[in-house]
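The values are calculated or read from the model by the stated rules, or taken from the named source; none is laboratory data. Being a predicted model, the structure only gives us computed values, none of them experimental. No Cβ is skipped: glycine too gets one built from the backbone with ideal geometry, and neighbour counts run over all protein chains shown. When the accessible area is computed, the model is the full protein with side chains, heavy atoms only, and any ligands, DNA or RNA have been set aside. Shrake-Rupley method; radii C 1.70, N 1.55, O 1.52, S 1.80 Å.
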Amino acid sequence: MKTLIVYYSQGGNTEYAAEKVAERIGADTLRLVPVKAYRDKGFAKFVWGGRAVLMADKPKLEKYRVNLSRYDRIVIGFPVWASSFAPPIRTFVADHKKEIAAMDVAAFACQGGRGAEKAFAKLRKLIGIEDFEAEGIFIEPKTRQSDKTDKRIQTFADELADNDEIMEMVKEEELEEALTEKLGEVLGVDLAAGIEKAAEAISKLKDGGARDYFSHWNYRKHAKFCTAVYLTLFTLDMTVSYFICKKVLDR
């Protein structure tokens, strides 16, 4: 799954987390930079930051180039300001809301105190989705760097990676079903039904019905048995051959 991490970082904490996640899952990153920088020192930092959140500020961002259609998932990272996400995130979402809502969305927040859960809820509402694929909350990961926080970032990234593996397995199962159906069309037979019958026959044999089944052997049983075995082996052969070829070509 192709992933893009979009983030705003004022003091470097969110950037630190974004780079860690990107490195672990092989994602691209996009840092949002407002044309007019927010104050990042002293009491004014909290006053102006809080005011921007309360006013639902949408600051103008420096130009960036991104094609969201190239990505399946977007991960949004931000520092928590006044129990909400930093305003540059609002600008980005407003500019790409329809595209983002159609993607898998995950999010992480960096904070020094509390408010991340409320920030996630506000961001979900802004995007128009019910849930995030994954959520991560990190306490000033750069400023107060620790093994514990790094481990949390790693766990968040691993959750995204695990979801990728699950999706890949689902795609492979769907592909296998489609392949079986297509082969059946080419051969003019119902391979899926043949495999199901073969499985039922094997199940009966396992349950002790082998003696009864073979004791009254006739031409019809012989034909059904051979057909089921043939279809099963043929399907397995074609499926295994396909995945071997796929692995070789991917390399």
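List of remarks:
- Accessible area per residue was computed with a 1.4 Å probe on protein heavy atoms; residue 238 scores about 70 Å².
- Of 58/118; 20/58; 122/148; 98/151; 36/142, those spanning more than 29 Å from alpha-carbon to alpha-carbon: 98/151
- Between residue 33 and residue 230, the modelled labels are 6.9 nm apart [label points 7 Å from Cα along Cα→Cβ].
- For the stretch 1-123, the dipole from Cβ point charges (+1 on Lys and Arg, -1 on Asp and Glu) about the Cα centre works out to 380 debye, to the nearest 20.
- Cleavage-rule hits, trypsin sites (Lys or Arg not before Pro), the stretch 1-108, DSSP coil, Cβ neighbours within 10 Å at most 10: 36, 41, 60, 63, 65
- For the stretch 1-136, the carbon plus sulfur part of the accessible surface works out to 47%, probe radius 1.4 Å.
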